[in-house]
Amino acid sequence: RRDLDTLSAKGVVNKIYGGVTSNKTQETIPFEERNIKNMDMKNRIARKAAEFIDNDDTLFIDSGTTATTLFNQLSEKKRLTLFTNNLEIVVKSIYANDFHVVSTGGALARNTYSTVGPDAARLLERYNIKKAFMSATGLSIGSGLTNSSQGEYEVKKAIISRCHKVYMLIDSSKFGDVSLMTFGRIEDADVINTDKAPSQEYLDYFREHGV
């Protein structure tokens with residue numbers, strides 16, 4: 001009982017009459033912690049994603065740590081027009097003289113180093129953006145592409161509705177996870193970049209839905 005009290009206080013489980021239930025909802029982990037985890041995996045996903053970016057492209061890169069890693073792979077690209085709500089990318093862009101960078105503005109989300117909310121979403125709704133590179137807290141067949149932040153949900157929802165092609169950057173550990181809000185269906189993604197092949201159930205679903 002003492003162990004369960006401790007787990008309940010940490011939010012790992014919920015105590016109910018006669019037992020406990022697991023609290024599996026994924027929450028946003030602070031940027032610094034996410035940015036140092038699994039760097040080799042993030043680099044491999046980012047390198048592959050960079051192959052889909054051409055000179056003169058108009059693209060959006062969102063606030064995930066793998067998306068930030070993607071930006072580091074773009075030094076050889078020319079004349080990109082880059083929309084982003086990722087503050088680390090905005091700062092890095094000061095030294096990328098060949099890129100035209102548009103920051104979305106909006107409310108500051110300190111735990112993700114990003115700007116979020118309806119103001120950021122409204123700016124994105126004004127433009128036709130060719131390619132979007134996005135992250136998610138979870139991906140599941142039942143709940144689609146999910147995220148834990150209301151502000152980020154609004155930005156992600158807006159970009160999916162306006163972008164011609166959507167590339168998800170999502171590591172294999174997030175397959176089957178469900179977070180608080182669904183910002184898109186799996187089939188809203190044209191390409192899913194990940195670090196290893198998912199289960200056959202997901203591969204079949206991707207083929208059936210043109211992902």
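The values are calculated or read from the model by the stated rules, or taken from the named source; none is laboratory data. Predicted model, so just to flag it, every value in this text is computed and none were measured. Backbone-built Cβ (ideal geometry, glycine too); neighbour counts: all protein chains shown. In case anyone asks, the SASA skips ligands and DNA or RNA and just uses the protein heavy atoms, side chains included. Shrake-Rupley method; radii C 1.70, N 1.55, O 1.52, S 1.80 Å.
Below are the figures for this structure:
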quantity: Distance histogram for region 77-211 (every C-alpha pair counted, 10 angstrom bins, percent rounded to whole numbers); calculated: 12, 41, 34, 13, 1
quantity: Of the trypsin sites (Lys or Arg not before Pro) in region 158-187, those whose Cβ has at most 14 other Cβ within 10 Å and which sit in DSSP loop; calculated: ARG185
quantity: Relative packing of peptides 76-85, 121-130 - highest average C-beta neighbours within 10 Å first; calculated: 76-85, 121-130
quantity: Ellipsoid semi-axes in whole angstrom, largest first, where each is sqrt(5λ) of the Cα gyration tensor of region 44-122; calculated: 21, 14, 11
quantity: Solvent-accessible area, 1.4 Å probe, carbon plus sulfur percent, for region 61-174; calculated: 48
quantity: For a label point 7 Å along the Cα-to-beta-carbon line of GLU201, residues of region 142-171 with backbone N under 12 Å; calculated: 142-143
quantity: Distance histogram for region 117-175 (every C-alpha pair counted, 5 angstrom bins, percent rounded to whole numbers); calculated: 4, 19, 27, 25, 17, 7, 2
quantity: Å² per residue, accessible surface of region 87-195 at 1.4 Å; calculated: 43
quantity: Members of LYS77/LYS174; LYS92/LYS157; LYS42/LYS130 lying beyond 28 Å, as alpha-carbon distances in this model show; calculated: LYS77/LYS174
quantity: Residue-by-residue Karplus 3J(HN,Hα) for region 83-96, coefficients 6.51, -1.76, 1.60, Hz, glycine and proline x; calculated: 9, 7, 10, 8, 5, 5, 5, 4, 5, 4, 5, 4, 9, 9
